Structures are given as structure tokens and as C-alpha cells.
Amino acid sequence: MAAVRIPPRLCLSSFLLQSPINFSLSHAPSFNGGPISRPMSSSSSSSATSPAPYTTLSERATFEREIKKSKFIAIASHVSDERSAMSFLSQVKDPRATHNCWAYKLGEQYRSNDDGEPSGTAGKPIYSAIVSSGLDMVMVVVIRYFGGIKLGTGGLVRAYGGVALECLKGAPTCYVKPKVRVGIEVQFELVGTIYHQLQHFHAEDIKQDYDTGKDDTTMVSFKVDYENLNSLEDAINSSCGRKIEFFKG
């Protein structure tokens with residue numbers, strides 16, 4: 001089966017940042033019914049490590065190959081965390097198969113499993129294929145139906161790693177920019193200026209809450225690309241002519 005590489009596209013709905021950097025605050029205000037963290041300062045925002053954009057799978061992909069009478073089926077999917085990875089595994093593994101080997105990569109976190117094959121001959125080659133593909137937040141399960149001919153250690157490594165890589169090479173991908181939810185408490189007279197900047201930086205899911213405990217202020221919350229957060233803060237402070245506190249959710 002020939003694999004055709006499909007160029008990555010920008011995901012229509014970028015995945016929301018799972019674990020934003022938190023700052024402690026003993027009496028933090030809230031927006032949208034949830035607590036938010038300490039306002040960003042110039043020192044904290046510049047020292048914080050911004051999670052990098054990444055390319056992942058936009059939909060599930062499969063690849064099948066027969067090697068010395070054994071059938072190998074690779075199935076790959078985007079996964080957002082370990083729980084979704086284990087859920088994906090339970091969906092696709094075949095209890096009738098000889099082996100259901102797998103690996104996933106979630107940023108710096110990864111796991112692999114040989115499922116009865118000799119140690120290091122299945123899970124690690126699958127993980128190496130994920131790394132070689134340049135994709136992230138991905139899991140690959142390779143199902144093997146034994147055909148009666150042993151492949152040997154090197155043959156297993158080439159088989160599992162090879163079908164995993166071919167599966168990923170032909171898979172549709174998308175480019176993901178992590179987003180973070182932010183809230184800013186502003187006076188009514190500045191709302192128009194704030195909205196202008198939010199539109200300029202393509203903020204999403206913009207909401208307002210007037211229950212701030214102050215007569216002349218409102219809490220505006222939104223989601224924005226993490227990599228644009230510092231630039232948005234500078235633009236809002238400049239256009240409003242004052243320091244606006246940013247609260248990260």
C-alpha cells in the first residue's frame with residue numbers, strides 16, 4: 001500500500017492549553033464561574049515558557065502490511081492526554097491478535113509497550129517512528145497477527161517501526177497553536193478599545209461579566225494564542241494608556 005504525505009493544515013479549533021502556568025493569589029477574582037490566577041507582571045510573563053505550536057493528526061489513520069505471512073496493522077490517532085490514549089487503545093486493540101503493541105508521545109511525556117514481543121522490539125520502534133514523523137500528541141497501535149514465521153529481533157524492529165512510520169507519513173495532519181483563557185477587569189469606558197485589540201489578535205470565545213463588585217467595571221474573558229499573549233497585553237496597555245491586569249485561567 002503506497003502512503004501519500006498530506007500537508008498539515010491549521011486546525012479549525014486549536015486545542016486549549018491543558019496546563020497553563022499558574023501564579024498563586026490568596027484573594028483572586030474569578031471569571032466564568034471559576035478561579036483565575038495572579039495578574040501577569042512584566043517579569044513573570046517574560047520568564048514564563050510559552051508552549052510551542054505543534055503538528056498532530058487531524059483524523060485517525062491506518063496502514064496495513066504483510067511481512068513473512070504476519071499481518072501488521074498500524075492505527076494512529078491524536079490523543080490529548082494519557083486517559084484518551086488508553087481509551088484509544090481499548091477501542092482499537094484486537095484480543096484475537098497475537099500482539100497489540102503501542103506507543104504515544106504527549107510533549108515530553110511518552111510511553112511504549114511491547115505486549116509480549118521481545119523487549120525493545122515493538123514499543124520503542126513505534127515511539128521512534130512518532131519522533132521521526134515530527135508529530136506530537138499522537139498514539140500509534142500496531143496489531144500483529146502471527147503468520148508462523150519468526151522475524152528475529154532486527155526483523156521485529158523493522159516491522160513495527162516501519163508500519164508505524166508509513167501510517168504516520170500518509171496521515172492527514174493539522175497545525176495546533178495552544179490557547180490560554182484570560183480575564184481582564186476594565187472600566188466601561190475602555191471596553192470598546194479592549195474589543196478592538198481582541199479582534200486584532202483574533203481572540204475567541206469573548207465573554208463579559210458585570211458582577212465584579214464594582215459599579216464601573218466589567219470582567220472581559222477570552223481565549224488567545226499563547227504565543228500572542230504578551231503582545232496582546234502590551235497593545236492593550238498602550239491603547240488604554242494605563243496598566244491593565246491580566247488574569248490567566
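The values are calculated or read from the model by the stated rules, or taken from the named source; none is laboratory data. Every value quoted in this text rests on a predicted model; they were computed, and no experiment measured them. With ideal geometry, Cβ positions are generated from the backbone for all residues, glycine too; neighbour counts draw on all protein chains shown. All accessible areas refer to the heavy atoms of the entire protein, side chains included, with ligands and DNA or RNA removed. Shrake-Rupley method; radii C 1.70, N 1.55, O 1.52, S 1.80 Å.
So, R181, is that one open to solvent by 10 Å² or more (accessible area, probe 1.4 Å), touching a Gly at 6+ places or on another chain (Cβ under 6 Å) and of a type in the set (K, R) or not?
Answer is yes for this residue.
Quick check: anything in segment 75-88 within 23 Å of G152 (Cα to Cα) and open to solvent by 60 Å² or more (accessible area, probe 1.4 Å)?
The answer is no, given that none of the residues of segment 75-88 is within 23 Å of G152 (Cα to Cα) and open to solvent by 60 Å² or more (accessible area, probe 1.4 Å).
On the basis of being part of a strand (DSSP E or B), within 30 Å of V224 (Cβ to Cβ) and open to solvent by 50 Å² or more (accessible area, probe 1.4 Å), does Y104 make the cut?
no
Any idea which of R144, R158, R181 is touching a Phe, Trp or Tyr at 6+ places or on another chain (Cβ under 6 Å), within 25 Å of V79 (Cα to Cα) and not β-branched (V, I, T)?
R144
For the condition at pLDDT below 95, part of a loop (DSSP other than H, G, I, E, B) and surrounded by fewer than 22 Cβ atoms within 10 Å (Cβ to Cβ), what is the one hit in S50, S119, S43?
Residue meeting the stated conditions: S50.
Here's a check for you: in segment 221-236, which residue that is surrounded by fewer than 17 Cβ atoms within 10 Å (Cβ to Cβ) and within 17 Å of P178 (Cα to Cα) is modelled with the lowest pLDDT?
So, considering only residues that are surrounded by fewer than 17 Cβ atoms within 10 Å (Cβ to Cβ) and within 17 Å of P178 (Cα to Cα), the one modelled with the lowest pLDDT is E227.
Take the conditions of a type in the set (D, E, K, R), under 30 Å from E66 (Cα atoms) and open to solvent by 10 Å² or more (accessible area, probe 1.4 Å) and apply them to E166. Does it pass?
Yes, satisfied.
For segment 139-195, which residues satisfy the criterion of being in a loop (DSSP other than H, G, I, E, B) and without any contact (Cβ under 8 Å) to a residue 40 or more places away in the chain? Walk me through how you get there before you give the answer.
The initial filter retains those residues of segment 139-195 that are in a loop (DSSP other than H, G, I, E, B), namely 146-151, 170-172, 177-178.
Of everything in segment 139-195, just one residue is in a loop (DSSP other than H, G, I, E, B) and without any contact (Cβ under 8 Å) to a residue 40 or more places away in the chain, namely K150.
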